[in-house]
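The numbers here are math on the coordinates, done by the rules we state, and not lab data. Because the structure is a prediction, the values reported are computed rather than measured. Ideal geometry is used to build each Cβ from the backbone, glycine not excepted, and the neighbour counts take in all protein chains shown.
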Amino acid sequence: MSSEPVFYPDPRVQRDTIHVLSAYDADLSAGLERHRGEVHMKNPTTSWVDADQTFTWHITSDRTEPFEVRALVAHKSGVAVTVQVNVPQTACTVSAIQPALPGSANPWRRVPLDGLLMLAKGDNTLILRTIPLDGSAFEMEAFAIELVRTEVRERLHIEAQALKSDMTWLRRAGYGFMNHWTQAVYPEHGLPKSYADAVHDFDVERYADQIARGGAGFVVLTTTHGPHYFPAPLASLDAILPGRTTARDLVADLIDALGRRGIRLFLYYHLGAQSDPEWLKVSGFFDTDTSKLFGNWQKMIREVGERYGTGLAGWWFDDGAVNYYYRTAPWPELSRAAKAGNPDRLIGYNAWFQPPATEFQDYHCGEIIEDPSYGGALLPNGDGRYVGEPYRGLNAVSTIISEKYWDHSRPDEPISEARWDSAEIATLIREFRRYTCVPIFNLEIYQDGRMSQNTIERFRTASANLHE
């Protein structure tokens with residue numbers, strides 16, 4: 001048996017939000033396969049190929065009442081199917097879910113089931129199954145089912161729409177850069193400095209000059225990723241785990257240096273990873289009661305937002321689907337904290353290739369989406385919102401690796417060559433513009449804040465060509 005810590009969800013139904021039952025946490029019949037990934041991830045359950053296979057959850061309710069049900073499923077191939085969720089009293093069913101078309105970018109769907117599921121007061125057993133319409137073969141995956149009372153769904157939708165921010169400035173910015181500059185980054189040669197020393201010595205003017213020379217209108221700087229550090233004073237983090245902040249406020253210095261060049265700053269934040277067991281232990285990461293974990297989160301994110309105000313243009317939150325989601329995260333509270341100090345701040349919770357975790361976000365992060373149309377989910381010359389599933393209605397952003405890696409965490413190794421020449425970069429950016437999708441190009445970075453001069457020059461040339 002694995003000795004790794006595990007998050008066990010609260011079996012009590014949460015009535016005032018969208019209650020998530022992760023497929024990973026279900027009792028699975030033979031043949032279904034869990035895919036955890038890293039210790040913090042709960043990925044989709046695969047090998048769903050037989051009508052006899054089922055997902056079973058045991059939950060409790062403090063009253064008898066009806067719930068809407070949505071199933072998050074990927075129908076990858078085969079015949080149309082019926083999907084059903086039932087308890088002993090009632091069943092919800094949706095028929096004729098079609099398999100994804102050949103070449104589709106994403107087979108995931110958030111499918112509303114017909115009818116209402118009546119949960120009884122006390123213990124309930126829920127079962128998810130599927131039936132192929134003509135008995136033929138199929139291949140599916142399951143991510144979760146969601147339970148929500150009708151009035152709660154309607155209220156949350158209104159709240160989510162009211163919190164959304166205008167994306168116009170981001171689209172006009174053209175494209176952005178992302179840098180994974182973290183505690184784990186190496187210099188070009190030799191051993192890394194301590195995190196505090198690296199933050200102290202970071203040359204913000206040189207860094208901002210590189211971003212400007214490369215033609216980016218904004219930059220996404222990674223703060224926490226893996227080990228949980230933050231490159232500035234942060235009282236809320238010090239209260240949870242001392243020694244993870246710095247005396248220098250690098251974020252403020254970057255906002256100033258970039259702002260003088262007309263460039264805006266996003267911050268990337270990661271909730272926690274197995275490479276930092278000390279953080280996972282003290283933050284409440286594996287507590288069934290998530291109030292400590294998300295309470296800590298809100299204190300830190302709110303402190304950051306209120307300090308930098310309009311100087312902080314956005315947040316890029318990683319692992320929204322495989323980390324936050326299965327905990328039935330308190331999305332309204334998280335998103336209000338993320339916009340503290342700047343109601344126009346843009347936020348996205350990365351879903352990778354899974355369905356979006358929540359309506360409470362402004363954009364889909366688009367990790368590794370290199371097709372500007374995303375398989376037809378975006379229209380040419382459209383408004384930049386997805387018209388196809390599973391991200392319908394969200395603003396389109398694409399975050400892609402421009403060299404070989406996300407980060408530069410290998411000793412005595414130069415940053416790898418850019419994947420495209422300047423002409424190819426210009427063509428790619430034009431295509432993103434045609435579909436009103438904002439690209440973010442991740443560039444490797446050394447610990448001293450330098451990026452590849454060759455890569456920057458390729459983007460500079462591409463940017464100049466865009467204006468010819």
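Between residue 421 and residue 86, the modelled label-to-label distance comes to 6.3 nm, taking each label 7 Å out from Cα in the direction of the beta carbon. Taken one residue at a time, the phi angles of the range 10-17 give Karplus couplings (6.51, -1.76, 1.60, θ = phi - 60°) of 5, x, 7, 5, 8, 7, 9, 8 Hz. Gly and Pro are set to x.
How large is log10 of I(q)/I(0) for the chain at q = 0.07, 0.08 Å⁻¹ when the intensity is taken from the Debye formula with one equal scatterer per alpha-carbon? Values returned for q = 0.07, 0.08 Å⁻¹ are -0.38, -0.49. The fraction of Cα-Cα pairs per 5 angstrom bin, counted from 0 for the range 375-468, comes to 3, 13, 19, 19, 15, 14, 10, 5, 2, 0 percent, rounded to whole percents.
Which listed residue (378, 157, 277) has the Cα farthest towards the positive end of the charge dipole for the chain, taking +1 on Lys and Arg C-beta and -1 on Asp and Glu C-beta about the Cα centre? Going by the charge dipole, the pick is 157.
Taking one quarter of the surface of the convex hull spanned by the alpha-carbon atoms of the range 215-370 gives a direction-averaged projected area of 9.2 nm². To test your reading of the geometry: what angle, between 0 and 90 degrees and rounded to tens, separates the Cα axis of helix 422-434 from the longest principal axis of the chain? Tilt relative to the chain: about 50 degrees. Find, among the chymotrypsin sites (Phe, Trp or Tyr not before Pro) in the range 218-312, those assigned to loop by DSSP (not H, G, I, E, B) with at most 15 other beta-carbon atoms within 10 angstrom. Listed in order of number, the matching sites amount to none.
Overall size of the range 19-155 from C-alpha positions, given as principal axis extents largest first: 44, 36, 31 Å.
Each label was represented as a point 7 Å from its Cα along the Cα-to-Cβ direction; for residue 77 and residue 98 these points are 1.9 nm apart.
The C-alpha atoms of the chain define a longest principal axis, and helix 453-466 lies at about 80 degrees to it.
In the chain, the DSSP beta bridges split such that about 60 percent are antiparallel, to the nearest 5. Working note: Karplus 6.51/-1.76/1.60 with θ = phi - 60° gives the range 307-314 the couplings 5, 9, x, 5, x, 9, 7, x Hz, where Gly and Pro are set to x. Checking the cross-link pairs 164/299; 292/404; 193/281; 42/404 against a 28 Å limit on the alpha carbon distance flags 292/404 as lying beyond it.
Close amide-amide hydrogen proximity is noted between residue 268 and 221, 222, 223, 316, each under 5 Å apart and 5 or more residues distant or on a separate chain (H modeled in the peptide plane; Pro and chain starts excluded). Taking other Cβ atoms within 10 Å as a rough exposure proxy, 154, 444 sort from fewest to most as 154, 444. Summing Cβ point charges (Lys, Arg +1; Asp, Glu -1) relative to the Cα centre of the range 49-165 gives a dipole of roughly 300 debye. Separation of the range 122-172 and the range 278-296, taken as the distance between their Cα centroids, equals 25 angstrom.
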